[in-house]
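Q: Okay, handing you the structure first.
Bear in mind that the values in this text are calculations on the coordinates, not laboratory data. Keep in mind the model is a prediction, meaning the values are calculated, not measured. Note that we place each Cβ from the backbone using ideal geometry, even for glycine, and neighbour counts take in every protein chain shown.
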Amino acid sequence: MEMIAARILCAGLYASDDQPLNFQEQVFTEISSGIICILFITPEKFERNAQFRTLLKNMATFQGIHFIIDEVHCVKNYAYFRESWCYLSQLKTICPTALILMMTATLTYNNARDIMTNLGLDFSCVKIIHGATLKRDELIYEIIKKKEYREENLKETITQIKSIPECSIIYCATQKDCYEVADFLRINLRDENIKVMVATNAFGLGINMPDVCLVIHYTMPLNLSNYIQETGRAGRDGLSAKCILLYARKDVRVLYNIVAGERESLTDITTKGEEMRQVYLMECQKKIWEIIFFCETKYECRQNALTQYHNWKTPLLEIQSSTIESSCGKCDVCQLRAKEKLIVKDMKMPALKLLNVVEVITGLGSNIIIAKDVVDIFCKSKSALPKYKELEIYRKEQDAEVKLTNDEAKRLFNDLVIRGMILTDIILQRGKTAGVFSWTFPVLGVSDGT
Ligand SMILES: [Zn+2]
């Protein structure tokens, strides 16, 4: 609409029956005669419309054509269920000399490489134009551990909204949660003059409001890129805004069900399809671990963690180290650091001992080992399984210098996982009830350092 208002002649084609055939013909005629100079088209329409591709081919020989792929991260994110995005690799085949401008607000270096491969482009020929900074100083991040009962979490949501009685967005993982949260808010905020939007975080929303002061994730986001995008909708007026995430590790089930549920229990009939399915599932797991690590870290400033996530550590870009080194001083991790009396403890020996425990018990080749088993053996806990109590590593007196409390050992274990020194996996299995997954994070072993 803005383009029409600015008197730029443009048209849009999409893959549905709503547009009559003669409309398309009229658009093609107007493109050929130079009346329409900008055409919006979906990847699906581009793939299914041979006539349009022929038109492009004919025009490419005598007229300059430029392509713009907006939200280019979808080439990777949608590769499995909207294959038409990958079909955009035909753009270069049809018009080899055409320039392609690709735009996105969310992309890591590795994903960029994958996208170029999917589009059949040479990564070394791609010029990257980067925003001045990815850091959003005005955003204050906080992760709050979810309580056991829904009612408690709904009350926490209300408390947060009332603390900033302006415009808020609440992201939920499912429509069911959206309705539940919205109903609860309606009842409890009936007399308040507060603007709240409740939305699913499945695919993001085209929200561009300047005065959003609070973004709440009622369930953790699908991945860190989504989190950056979704929280980025707060504070667009440059004023301070809060980003609260209600975190529970058990929500992994919900996330995995959304991103991988249907593909988790099926096998693809073709080899290529099966390979793609496996790659897709591994990507899903990796992204879930990233968000878990982000939520569970007690050491790293949230602001820094997010800034670094999108920083491309490559010679293609010169990263200004000053922008990523300083802590924000405002997020929950920074606040905790300021409050807690910092105890400096050399953890080298406990870390080595813990790694040794992992090595020994994963080497036994027995059943699935979980973090609790490792911590129980390390701390010589009475609740350790009888078979582990028989191990020498359990029975041997612990040196004073490696002694830790159960809680400290858990934190050390998580830290070693985050650092990639202990290898783990996610196993989610479909239960008897439709859509319900059970989940386990088995410990696989110690990294060989590669
Ligand atoms: Zn911070």
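Q: Which aspartates and glutamates have a Cα lying under 13 Å from the Cα of Lys195, excluding residues fewer than 8 positions away in the same chain?
A: Lys195 reaches Glu166, Asp211.
Q: Moving on. Taking 0.36 nm per residue of sequence separation and subtracting the Cα-Cα distance, how much length would be gained by fully extending the chain between Ala338 and Lys145, in nm to one decimal?
A: Numbers: separation 193, 0.36 × 193 = 69.48 nm, distance 1.95 nm.
Full extension from Ala338 to Lys145 adds 67.5 nm.
Q: Eigenvalues of the Cα gyration tensor times 5, then square-rooted: what semi-axes does that give for the range 348-446, in whole angstrom, largest first? Don't jump to the answer; show the numbers that get you there.
A: Working: eigenvalues 132, 47, 29 Å².
The three semi-axes for the range 348-446 are 26, 15, 12 Å.
Q: Okay, next question. About the Cα centre of the range 348-446, how large is the charge dipole given +1 on each Lys and Arg Cβ and -1 on each Asp and Glu Cβ? Please answer in debye to the nearest 20.
A: Details: 15 positive and 12 negative charges, 57 e Å.
For this selection, approximately 280 debye.
Q: Taking R0 as 56 Å, what FRET efficiency do you get between Gln51 and Lys382 from their Cβ-Cβ distance, rounded to the nearest 0.05?
A: Values: r = 75 Å, r/R0 = 1.33.
Here the calculated transfer efficiency is 0.15.
Q: Show me 392-405, 210-223 ranked by packing, highest mean number of other Cβ atoms within 10 Å first. Please report the intermediate quantities before stating the final value.
A: Details: 392-405: 12.1, 210-223: 21.7.
Per-residue mean Cβ counts within 10 Å order the peptides as 210-223, 392-405.
Q: Within 10 Å of each residue's Cβ, count the other Cβ atoms and sort Met102, Met59 from fewest upward.
A: Working: Met102 21, Met59 16.
Ascending number of Cβ neighbours within 10 Å: Met59, Met102.
Q: What is the order of Asp114, Asp70, fewest Cβ neighbours within 10 Å to most? Walk me through the intermediate numbers first.
A: On the way: Asp114 18, Asp70 10.
Exposure proxy ranking, most exposed first: Asp70, Asp114.
Q: Another question, then. Expressed as an acute angle from 0 to 90° and rounded to the nearest 10, what is the orientation of the C-alpha long axis of helix 406-418 relative to the principal long axis of the chain?
A: Around 30 degrees separate the two axes.
Q: Expressed as a whole percent, how much of the Cα-Cα distance distribution for the chain exceeds 32 Å? Mind dumping the intermediate values first?
A: Working: 52319 of 101025 pairs.
Within the chain, distances greater than 32 Å cover 52 percent of Cα pairs.
Q: Further question: Within the range 348-446, how many Lys pairs sit with Cα atoms under 18 Å apart, leaving out pairs fewer than 8 places apart on the same chain?
A: 23
Q: Right, another one. If you average the sequence gap of Cα pairs under 8 Å that are 6 or more apart and divide by the length of the range 348-446, what percent do you get for the contact order? Kindly include the intermediate steps, with their values, before the conclusion.
A: On the way: 116 pairs, mean separation 32.9, N = 99.
Reported relative contact order: 33 percent.
Q: More than 16 Å apart: what percent of Cα pairs in the range 2-125 qualify? If you can, show how the numbers build up before the last one.
A: Numbers: 4948 of 7626 pairs.
Summing the P(r) tail past 16 Å for the range 2-125 gives 65 percent.
Q: Any chance you could give the angle, 0 to 90 degrees and rounded to 10, that helix 21-32 forms with the longest Cα principal axis of the chain?
A: That helix lies at roughly 80 degrees to the long axis.
Q: So if I place +1 on the C-beta of Lys and Arg and -1 on the C-beta of Asp and Glu, and nothing else carries charge, what would the dipole magnitude of the chain be about its Cα centre? I want it in debye, nearest 20. Mind dumping the intermediate values first?
A: Numbers: 56 positive and 56 negative charges, 170 e Å.
It comes to approximately 820 debye.
Q: Taking amide hydrogens as modeled 1.01 Å from N in the peptide plane, which residues meet the under 5 Å criterion relative to Lys242, leaving out close sequence neighbours?
A: Excluding prolines and chain starts, which carry no amide H, the hits are Ile140, Leu214, Val215.
Q: Using Cα pairs under 8 angstrom and six or more residues apart, how large is the relative contact order of the chain, in percent? Present the calculation step by step, with values, prior to reporting the outcome.
A: Details: 564 pairs, mean separation 49.1, N = 450.
It comes to 11 percent, rounded to a whole number.
Q: Hey, another quick one. Can you find, among Val446, Leu404, Val375, the residue farthest towards the positive end of the dipole of the range 348-446? Put +1 on the C-beta of Lys and Arg, -1 on that of Asp and Glu.
A: Val375
Q: What does the extension gain come out to for Lys250 and Lys396, with contour length at 0.36 nm per residue minus their alpha carbon separation? If you can, show how the numbers build up before the last one.
A: Values: separation 146, 0.36 × 146 = 52.56 nm, distance 3.47 nm.
The Lys250-Lys396 span can extend by a further 49.1 nm.
Q: Rounded to the nearest 500, what is the chain's calculated 222 nm mean residue ellipticity when only DSSP H runs of at least 4 contribute -39500 (n - 2.57) each, over all residues?
A: Values: 20 runs with 193 residues, N = 450.
The helix contribution divided over the chain gives -12500 deg cm²/dmol.
Q: Under 5 Å between amide H atoms, partner at least 5 residues away or on a different chain: which partners does Leu13 have, H built in plane at 1.01 Å?
A: So Leu13 has HN proximity to Phe40, Ile41, Thr42.
Q: By a straight-distance test (C-alpha under 17 Å), which lysines pair with Lys146 as possible cross-link partners, with residues fewer than eight away in the same chain excluded?
A: Once the sequence-local lysines are set aside, what remains near Lys146 is Lys155, Lys250, Lys298.
Q: How long is the gain from Asn110 to Phe40 if the chain were fully straight, where each residue apart is worth 0.36 nm and the alpha carbon distance is subtracted? All intermediate terms of the calculation are to be shown ahead of the outcome.
A: Numbers: separation 70, 0.36 × 70 = 25.20 nm, distance 2.82 nm.
Extending this stretch completely gives an extra 22.4 nm.
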